[in-house]
Amino acid sequence: EVISFSEVDYEGVRLPHDDPVVVTLMVELFTMKRILVDSGSSADILYKHAFDQLRIPVDQLKPVKTPLVCFVGDMVHPLGSIDLSVVAGTAPRQTQVQMT
């Protein structure tokens, strides 16, 4: 389904703006809050603390050899990658996808 906004949704918003979008999603049957949606990013990042709370064994991570590079040039070496089930929305308007 298309998600759209009308002029009414812009009331009180100073344009142009680049406000972050923060959502709550179900990841592997756990509710994860405060997920930042960054449409300019090419990576989906799950921090170690959140990964640990999912109680997924670390040996399920697939090796990743390519580091992530921040805007300021700093490099971070990921612990690995994993495919996780993600559910957005509530029934009857919900979708489930596999994300890496």
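Things worth noting here:
- Surface analysis of the chain yields an accessible area of 90 Å² per residue, using protein heavy atoms and a 1.4 Å probe.
- Among the trypsin sites (Lys or Arg not before Pro) in the chain, those placed in a DSSP loop whose Cβ has at most 11 other Cβ atoms within 10 Å are R14, R55, K65.
- Added length on full extension, which subtracts the Cα-Cα distance from 0.36 nm per residue, A88 to T31: 19.5 nm
- One way to sum up the overall shape of the chain is the equivalent ellipsoid from its Cα gyration tensor, whose semi-axes run 29, 21, 11 Å, largest first.
- Carbon/sulfur fraction of accessible area - the chain, other protein chains in place, 1.4 Å, %: 56 percent
- Convex hull volume of the C-alpha atoms in the stretch 1-50, normalised per residue: 145 Å³.
- Remark: the stretch 32-99 carries a charge dipole of roughly 180 debye about the Cα centre, counting +1 on each Lys and Arg Cβ and -1 on each Asp and Glu Cβ.
- Dipole of the chain, positive direction: furthest Cα of P63, V23, M75, with charges on the beta-carbon: P63
- Looking at the stretch 1-58, the GluC sites (Glu not before Pro) that sit in a DSSP loop and have at most 10 other Cβ atoms within 10 Å of their own Cβ are E1, E11.
The values are calculated or read from the model by the stated rules, or taken from the named source; none is laboratory data. Predicted, not measured: the structure shown is a model, and the values here were computed from it. Quick reminder, even Gly has a Cβ in these numbers, built from the backbone with ideal geometry, and neighbours come from all protein chains shown. For accessibility, only protein heavy atoms count, side chains too; no ligands or nucleic acids. Shrake-Rupley method; radii C 1.70, N 1.55, O 1.52, S 1.80 Å.
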